[in-house]
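Worksheet: the structure to be examined is printed underneath.
The values are calculated or read from the model by the stated rules, or taken from the named source; none is laboratory data. The shown structure was predicted, so the numbers you read here are calculated from the model rather than taken from an experiment. Positions of Cβ are backbone-derived with ideal geometry, glycine not excepted, and every protein chain shown enters the neighbour counts. Ligands, DNA and RNA are stripped out before the accessible areas are found, and what is left, the full protein with its side chains, is counted by its heavy atoms. Shrake-Rupley method; radii C 1.70, N 1.55, O 1.52, S 1.80 Å.
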Amino acid sequence: MAPGGMCPLGWLGVASLCLGTLWAVPAKERRKGDKPKAELNLYENLDLDNYDLTLDNYGEILDLSNYEELYDYGDLVPKIEVGTLAPRPKDPKTFPEPGETTAGTPKPPSGAGPGPPAPIPGQGLPSCQLCLCLGTSVYCDDAGLERIPALPPDTAYLYARFNRIGAVRAADFTGLEKLKRIDLSSNSISWADADAFRRLPSLQELLLPENLLTALPELPRSLVRLDARLNRIASAGLRPEAFRDLKQLQFLHLSDNQLDFIPVPLPESLRSLHLQNNRIQTMHEDTFCDSHEQGQIRRALEDIRLDGNPINLSLFPNAFFCLPRLPTGRFS
């Protein structure tokens, strides 16, 4: 055994380990020394003394005309997909079965009788089951009615336009003493009982345009406005002196009918008379003014329409002296 208790092979291993340690230390220190030198070389390329940004040289650094090309914003904007609402759940337990309430009330027994029949327009049912009742107004527009329904006794305004009503009976308005306005525009009314409206003491407006009437029934004395345009009313369908006793009548519109003459006498209260597009060919000199009372002035009657008739108004020069304005029509 070698002196010191260690063999030559052991001395060789220790020597190799010491040599490796000596070589590693200079390499590590050499790497540390190279780093500052590399960083110094990078900054040497920058002219820090002339690196101030000004408005004059700003454009040389950034090309603002192509600024949109520098950044692609398409990837930054979130993509939102617009769709419909999520469908309702199809779990049968979520909804009650037909005939069952949300509280779990069981369905009626199979032996129970049928429910009430569906309302039939004009079969005596209250109008508020067929139409819309708001206060004293009843709205039955475009409700498919063929007859006027039973109205509440306090009805003041009835709107039953755009239906299929074919006739008006006196019984339709029995007991409706508060009724002020009836609007039956755009129906198919071809017949009205003679006393269908006469017993309505509060009626002020009766609107019957765009129907199939060939005659007018008796009218209440309280009437202020009558509109029966676009019907088939002939002069034979007007009672003699039909408007004489209507002392409150202000608007009488009978245009687009089949009248052969101007209905006289006209009440002094009249303000507007529309008779255009009829068959009127002639008139009396006393139709509007009293030829025996030269000082007469009818200031209220300012709107007279006779255009669309074959009458030549210039043939009656003395018929308009009491009027504030000449009628609209043909003067030649």
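Checking the stated criteria, residue 227 turns out to be open to solvent by less than 20 Å² (accessible area, probe 1.4 Å) and among the charged types (D, E, K, R).
Comparison of 326, 273, 266, 252 shows that the only residue that is within 27 Å of residue 213 (Cα to Cα) and assigned to a loop (DSSP other than H, G, I, E, B) is 266. For region 230-257, the set of residues classified as open to solvent by 60 Å² or more (accessible area, probe 1.4 Å) and either touching a strand residue (DSSP E or B) at 6+ places or on another chain (Cβ under 7 Å) or on the phi > 0 side of the Ramachandran plot (or both) consists of 230, 232, 241, 251, listed by residue number. Being acidic (Asp, Glu) and either surrounded by 16 or more Cβ atoms within 10 Å (Cβ to Cβ) or outside any loop (DSSP other than H, G, I, E, B) (or both) is a condition met by no residue of region 194-203. With respect to the conditions (1) closer than 26 Å to residue 168 by Cβ; (2) in a strand (DSSP E or B); (3) in contact with a Pro (Cβ under 6 Å, 6 or more places away or on another chain), residue 304 falls short on a single one, namely (1). Taking region 288-303 as the range and being open to solvent by less than 10 Å² (accessible area, probe 1.4 Å) and closer than 23 Å to residue 227 by Cβ as the test, the residues that pass are 288, 301. Which one of the conditions (1) touching a Ser or Thr at 6+ places or on another chain (Cβ under 8 Å); (2) of a type outside the set (Ser, Thr, Tyr); (3) free of Cβ contacts under 8 Å to residues at least 24 places away in the same chain does residue 236 fail to meet, given that it meets all the rest? Looking at each condition in turn, residue 236 falls short on (1).
Can you spot a residue in region 213-221 that is in contact with a strand residue (DSSP E or B) (Cβ under 9 Å, 6 or more places away or on another chain), buried (at least 19 other Cβ atoms within 10 Å of the Cβ) and under 17 Å from residue 274 (Cα atoms)? Yes - at least one qualifying residue is present in region 213-221.
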